[in-house]
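Since the structure comes first, as structure tokens, the remarks are kept for the end.
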């Protein structure tokens, strides 16, 4: 085999190009030789062990020596001195910062390198996003942010043609679909299950066509996909970075340490070994790794020698082209037996929820600024307005937050704090209230903290609906409901739960919430006047404080006018209980929290590995404290469950609503017993699901899952629990021939169905061990008061016929993802208003409404 190696761009075809960049600049190799594509690259995490700023500047070197600014400095220098050299770069969050710091001379040189195709941008997103915990809306936005910068700065030569997801810990089918629809020609990644990789190497399936969608016509979502042999590292013995331990190529013939022959032999051997796993005579060697090329001269000098000496080796190879087609995904990922990377599906649930909520704020900011821009006649200067500066800051912060060590929850604690800090900026009040300075936004409504509403006897609630269709949503507002006062307009007062009091501790004075149904116009707002005054009569709207306490051995039934019934079985955990309701068949009956205890196993931010397949009950004695809030024709009925001082649930059924809301509150998870714990919420029914369940991919299409099974290779299951967990971004469901139970989530979580008729979702984790995957610290988050982090979230449960469930859970999921935004002001309310003439039909979703810096409108609609 003739071995021909060269520095290559990641090009997949010979399409013509008038410019010297792109496909036109690629060395196509030679047909009768094994073509080894040398790909110089660096992988620069946008935060992981160090913060984004620390990585860029090279600060905090006690953790790791890495300085992205120096990498880009020295790479550009080395590309400039030799026209045969090439380099690929990914992270626009770093590059755009470096670019702004350069003088005109350097910028012109970089433009020349891009135009000549010697500096190639691949992927092109603001970051290399995670694929398990990211929502497709945020993926599209962060890709848009990076690609727009490249296009505006360099033009068409900077357009990435290849997606490069070398480090995410498993890969989503929806991500492949999005890349295909964005116009990428191919995708390369580095991590896949070790058993899957062994099978692919043996069957020559390291490259394939990935069919990214079940609903789009082929090949609209088809994508050529290549799996990197060495992850994203060089072959053993060929790392030439300043901090690598491998020997350089010493080629002075007079030296005793001359190692050219050994290096050549080793490289040829590595190339032949890799070539055995691929169907064509083209293979790729990734020459680089984490934060490498801080001294690009060392790398390029040795690569020059390697190509010079290896290109003299002669052999022969036949090749053929026949691509397999894949239609599932690459979850879950395991890199060794018992090492399933499924813990990060839930790690840092507070940050995951914050990222999801921040995405909604960004979309609202985009919408309202666009409305203001249109009203001004498109004359306002968007680049210099305060609201635009803050919006751009939030866009960049959201782009960083999608990184595969950010929303994934797999960074060090101080880095996670930095991610959250970047998202916390007064963007909402600055943009939303522009022109309406009397409006106030409350950050802590989820734990009933709002000074404005708690301390005011009269105010207005302004509720904005970001969906392009009208909705009716129940709104809850924290207030101080002293019994001698009553509220007008509002229909119900609900007590603040014990769970909420445990979260907020001694903060705030709200002892109840106002609950009312808000009818909201499409892409618009409605306002509601709220007034509290002294009453001489008995207030019939008051509540039984804390609800009615019930016997723990009793079943609790709550229902509304739609004949929806829920039975909460508290302590009967040995079997499944059901209740029948008239319209749909069977319904969920048993709701309870349990825990997994981890002991002497490599569990951590990435890895989930329980020491038993049977979870424990959160309550020490297995009993649950229960109380119920009901009344004559109430707006909402609530069942309060207290499993322990650190695990609560509130089950809610609203009037006229078909789904059930479950609000969970977990933490501080106790660890004084030296056991790390991973808390799950399990829902049990009598649905005969037969080992099958279904999870969404990044909030869009759904994939079928089967316990202990992989569609494209034979699984040797080493972890019966962790090996069956999958990422749940927005929904998970089970079904039989007639009935479907869907659980929707307010953030990404890990989930599974480990027994027929049951669904479980991991909601929180606190660990004392470390899984040796690089973070080098336990996932032991602490809260504001120094103890373990308390996290609160919601699940929405929907039981419906199989035929109507898809429509219902998509509409409900859309409303949960883009829920109304509530603001408060003085007593004079603005008028009800919609910003669009005609609402969109329910099957059409307004994904994006934004204005670019150049004043153009960006509108995305999806079916």
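No value in this document is a laboratory result; all are computed from the given coordinates. If you're wondering where the values come from, they're calculated on a predicted model, not measured in any experiment. We place every Cβ from the backbone using ideal geometry, glycine too, and count neighbours over all the protein chains shown.
Spin-label model, residue 255/residue 96: points 7 Å from Cα along the beta carbon direction are separated by 4.4 nm. Listed by Cβ neighbour count within 10 Å, with the fewest neighbours leading, 345, 300, 238 appear as 238, 300, 345.
Which FRET efficiency value, to the nearest 0.05, is calculated for residue 203 and residue 57 with the Förster distance at 56 angstrom and r the Cβ-Cβ distance?
Details: r = 46 Å, r/R0 = 0.83.
With a Förster radius of 56 Å, E is 0.75.
Max-minus-min Cα coordinates of segment 207-249 on each principal axis give 51, 16, 12 Å, with the largest extent listed first. Segment 389-405 and segment 736-772 have Cα centres separated by 28 Å.
For a label point 7 angstrom out from the Cα of residue 519 toward its Cβ, which stretches of segment 442-484 have the backbone nitrogen within less than 17 Å? Counting backbone N atoms under 17 Å from the label point, the list is 463-465, 469-475. Over all orientations, segment 2-326 has a Cα convex hull whose mean projected area works out to 17.6 square nanometres.
Can you tell me the equivalent ellipsoid semi-axes for segment 243-360? Use √(5λ) from the Cα gyration tensor, largest first, whole Å. Walk me through the numbers on the way to the answer.
Working: eigenvalues 316, 118, 38 Å².
With the √(5λ) rule applied to segment 243-360, the semi-axes are 40, 24, 14 Å.
Computed extension gain for residue 336 through residue 470, at 0.36 nm per residue and net of the alpha carbon distance, reaches 43.2 nm.
Between residue 262 and residue 480, what length comes free when the chain is fully extended (0.36 nm per residue of separation minus the Cα-Cα distance, one decimal in nm)?
70.6 nm
Built from the Cα atoms of segment 129-183, the convex hull projects on average onto 3.8 nm², one quarter of its surface area.
Give me 627, 96 ranked fewest to most by other Cβ atoms within 10 Å of their Cβ, as a rough exposure proxy.
Details: 627 19, 96 16.
Sorted ascending by nearby Cβ count, the order is 96, 627.
Ratio to report: Rg/Rh of segment 156-209, with Cα atoms as the point set and Rh obtained by the Kirkwood method; give two decimals. Using Cα coordinates only, the ratio equals 1.02. Taking a quarter of the surface of the Cα convex hull of segment 131-224 gives a mean projected area of 6.9 nm². Rounded, prolate or oblate: which fits segment 715-775 when a ≥ b ≥ c are the square roots of the eigenvalues of the alpha-carbon gyration tensor, with rounded for a/c under 1.5 and prolate only if a/b beats b/c? Judged from the Cα gyration tensor, segment 715-775 comes out oblate (a/c at least 1.5, b/c at or above a/b). Under 16 Å from a label point set 7 Å out along the Cα-to-Cβ vector of residue 247, the amide N atoms of segment 259-289 belong to 259-268. Counting only the Cα atoms, segment 679-810 fills a convex hull of 140 Å³ per residue.
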